[in-house]
């Protein structure tokens, strides 16, 4: 593969395989219904949005989506855009073109129309939303397309294989991590990266993977989420994926929720 790596997989397998197989069983045995998808996606969407600084509380947004309680538009517009992106992902295969369409939905109230679903044309310093500190410097804008080509080439290669549960979780997290490091768009990258991770899980594990509460887990452990990403380094061309195990190990914890 061109950008993803299996160098940590055996260590990952040793740490997580027994728990993964056991913990996932309860989720995969849950009947998939529209109401269940709407509930779990509401939690996922607002959790992912709050990582990015959105103000509406989780229980309030669930009331908004499930009980149709109205709130001020400025509180619900961006989460609702993300909700539509999750619905789109549920109904479409994970492809590069479809992912760009999902970013158009995510960024409807984030970016001008010309910057939705397209790659950025400027350099990017990534800031932590809670502290305002510089987290890292993303790949130079002239290399964004090349790095995204590598990532999608690897995703397409993995799509041709029958992955084990452990391989699916490992690569879903690795894809999430690399996508965030590239930071390919002007905004919405965090939300899109967490959707991409979940979309990859659903492609390989089936539709009940949408019930895995990864976004909620990341929000509940947001300081550790950023700390684990920061372990890789500050500059894209110097990132050390050998330090990725703490981040890769977060997703298996989400299925315990």
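The values are calculated or read from the model by the stated rules, or taken from the named source; none is laboratory data. Since the model is a prediction, treat every value here as computed from it, not as a measurement. Here the Cβ positions follow ideal geometry from the backbone for every residue, glycine too, while neighbour counts run over all protein chains shown.
Looking across the range 113-128, the residues that are within 16 Å of residue 189 (Cβ to Cβ), out of contact with any strand residue (DSSP E or B) (no Cβ under 9 Å at 6 or more places or on another chain) and surrounded by fewer than 15 Cβ atoms within 10 Å (Cβ to Cβ) come down to 121, 122. Only one of the listed residues (215, 137) is touching a helix residue (DSSP H, G or I) at 6+ places or on another chain (Cβ under 7 Å) and buried (at least 21 other Cβ atoms within 10 Å of the Cβ). That residue is 215. Every condition in (1) surrounded by fewer than 18 Cβ atoms within 10 Å (Cβ to Cβ); (2) part of a loop (DSSP other than H, G, I, E, B) holds for residue 187 except the one numbered (1). Evaluating residue 143 against the criteria (1) touching a helix residue (DSSP H, G or I) at 6+ places or on another chain (Cβ under 7 Å); (2) modelled with pLDDT of 95 or more leaves one unmet condition, (1). When restricted to residues that are part of a helix (DSSP H, G or I) and either within 17 Å of the chain's Cα centre (by Cα) or free of Cβ contacts under 8 Å to residues at least 12 places away in the same chain (or both), the range 95-116 contains 13. Residue 255 meets all of the listed conditions (1) out of contact with any helix residue (DSSP H, G or I) (no Cβ under 8 Å at 6 or more places or on another chain); (2) surrounded by 17 or more Cβ atoms within 10 Å (Cβ to Cβ) but one, namely (1). Residue 168 meets all of the listed conditions (1) in contact with a helix residue (DSSP H, G or I) (Cβ under 7 Å, 6 or more places away or on another chain); (2) farther than 16 Å from residue 98 by Cα; (3) touching a residue at least 60 places away in the same chain (Cβ under 8 Å); (4) assigned to a helix (DSSP H, G or I) but one, namely (3). Of the candidates 40, 12, the single residue that is touching a residue at least 24 places away in the same chain (Cβ under 8 Å) and over 30 Å from residue 147 (Cα atoms) is 40. Taking the criterion of being surrounded by fewer than 20 Cβ atoms within 10 Å (Cβ to Cβ), without any contact (Cβ under 8 Å) to a residue 40 or more places away in the chain and either in contact with a helix residue (DSSP H, G or I) (Cβ under 9 Å, 6 or more places away or on another chain) or under 22 Å from residue 145 (Cβ atoms) (or both), the residues of the range 81-94 that qualify are 84, 88, 92.
Against the numbered list (1) in a loop (DSSP other than H, G, I, E, B); (2) in contact with a helix residue (DSSP H, G or I) (Cβ under 6 Å, 6 or more places away or on another chain), residue 173 comes up short only at (1).
In summary, residue 156 fulfils each of the numbered conditions (1) surrounded by fewer than 23 Cβ atoms within 10 Å (Cβ to Cβ); (2) touching a helix residue (DSSP H, G or I) at 6+ places or on another chain (Cβ under 7 Å); (3) under 14 Å from residue 99 (Cα atoms) with the single exception of condition (2). Is it the case that the range 99-112 has a residue that's under 20 Å from residue 204 (Cα atoms), buried (at least 18 other Cβ atoms within 10 Å of the Cβ) and modelled with pLDDT of 95 or more? The answer is yes, given that some residue of the range 99-112 is under 20 Å from residue 204 (Cα atoms), buried (at least 18 other Cβ atoms within 10 Å of the Cβ) and modelled with pLDDT of 95 or more. Meeting the requirement of 2 or more residues that are more than 15 Å from the chain's Cα centre (by Cα), over 17 Å from residue 4 (Cα atoms) and without any contact (Cβ under 8 Å) to a residue 40 or more places away in the chain, the helices (runs of 4 or more DSSP H) wholly within the range 192-257 are 222-230.
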